[in-house]
Amino acid sequence: MAIPGPAASHEGFNLGAYHQQQYQAAYQAALAAGHVQPLVLPWSVVGSFFLPLLYLSIPHTTRPWLYRLRWAVAAAVVWLNVRLVRTTSAANEAVAYTVGLLAVWGTLWALRLLVFTRPQWDAARVQRRLRRKGSAGLPTRDGAFTPTAPDESVALALPDYEYFWQPFPAHASFAARLLWTADLLVSWRGAGWNFAISAIPHPPSPSLPLLRGRDDGSDDELVRMDLIPYMVSRTGTTRSLTYAAFFRTRLCAFVLSYLTIDLLAVTMRWDPYFILGPNYLHPYTYPPQGSHSQHTRYPYPLQLPALYSKVLPLPNLTVLLVRNLCGMAGILAGIQLHGAALQLIVVGTGRLYSLGHYYGNIVFRRPSSSTPPPPLCAELWQHPALFGGFVPTVLDRGLAGFWGGYWHQTFRVGFVAPARWLLTQNGGENVGVEGKNVGQEKWRREKTNQDVAARVLEMVFAFSLSGILHATGGKTSIPSTTVAWAPFAFFASQPLGIALQQCLQQASQRILNSITTTDTTDSHIRRLPPSVTTTMLRRAANLLFTLAWLHLTGAGIVDDMSRAGVWMYEPVPVSPLRMMGLGGTGDDGKWWRWGSEAYGLGWYRGRYWWESGVTL
């Protein structure tokens, strides 16, 4: 059965433009009525950043009363961010969605630092200082010292500098403590810290106690920079060894993501699903612009794009697949675009700093003609790839590898922090120790079972918190059609998929072992080394199961983003496709995409001074 007609444009009617007009009108009406406030900097991040920053910059390791005050600070953080969710939105659909993400993640990360861990006791970061006498590098077998650089940026520093672990500088100036804490607050993946996630290449954590009696640095432990994984971590996450390789890979990722987003921004507007969500065939309700809320009926019937019926076989089945693929591609490209842009800015600025000093020395004939090292935060080893390798994660481990290795691990540390804190409170640090007296084998079994239970608890917490994070993004959007349980159900179903796949793998492995047994003289089954064919079959099965499970459950997250209008946001200011005349008519055909009031920075003047500031 053919599916008729174009959906988002009919005789000059542009659904995307009409929707954005209604969205912004509803936002302005709610703003004028005092129902919502814009995202205002710096006041909107007081709870997530500034309050923890000030408290954690004050030494409390020797002040028990001050350490107990963390509960009051944590309560204030929760209250401020709950208020942010209830009162804040934006004229830009993506910024409105981000408000919810910011509130939940800011709360979770602050609680990790205030309650779930003790950073002033346990956290340490990599720092760099001028090399001291008697320290010329890293020890070798014969007792000599030789510098070993893991990449080009460190090679510039090693002749004159050394790297050491810096715990909380309790006796340093307030400015130094503030910088240490600010670095802690923005290091979500732990790059350059002793809590770095295993998915990214990093040096081994310090082996000596971090809390020192002296603060002069004389007994600091040096960082084994030579032990950073050469290029790839166990999850396939790569790092660049040279500046040329870094800029080449990041620019390629940026350009590819840019073009992908531009293509999706043009094509998604053909489908009313990506504008209004899955219920686009029904009357759509906007927040009230006056005293009464009214249903908004569009002047033309909304239908599926004719392209679907012309190109797709069995449209009733394949349309959902196309929509999920487009949604996943949009999420992946958006994360990659912003991640690559941030890394290019940080590392590029550091490289320009080094080259500027180098050429300045030559021009002004200064004594030193060597290239100085970049700032520590701009060194290459601190900026690995955002995503893991596809083969060692998805193909070799399936759905568990997709979420645990391939997908970006930006929030991993915060997501597992509550579970690890609960395990510690219940004796998780000494799991299984008492069982050693009843037999080594029994102790090993108990230890294994407890480790499995701990991993399951961490996984359940991580996916549940991720569901809450994305559900709150829909809550802070202007449309009242978002469904909070939908994104939560998507993430909550992932542990079930992982468990199901592992059960299927174990069953298929037993069947495969029984089929491939060739030794008929032994009564037991001997497991043969996997052949190329077996490996290919296993990888194909992992890939198919991962794609199938994400497709079956993906509507939960893609639907809610569509309801929130996220796909109407265009992070690319210049559209190459529209410059070639492929973007439609009217505003949709303009190649400059940031022309409306919903894009860019502005100044908002509230009723009080603490409500005024820079707004997005």
| query | Hey, fewest Cβ within 10 Å first, where do Tyr258, Tyr608 land in order? | reply | Tyr608, Tyr258
| said: Using Cβ contacts closer than 10 Å as the measure, can you line up Trp403, Trp79, Trp603 from fewest to most? | reply: Trp603, Trp79, Trp403
| Given Cα pairs under 8 Å that are at least 6 residues apart, what percent is the relative contact order of the stretch 27-115? | 40
| query | Where does each of Lys590, Lys310, Lys475 land when they are ranked from fewest to most other beta-carbon atoms within 10 angstrom? | reply | Lys310, Lys590, Lys475
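Throughout, read-outs are computed from the coordinates displayed, never taken from laboratory work. Here the structure is a predicted model, which is why all the values come from computation and not from measurement. Using ideal geometry, Cβ is built from the backbone for each residue, glycine included, and neighbour counts are taken over all protein chains shown.
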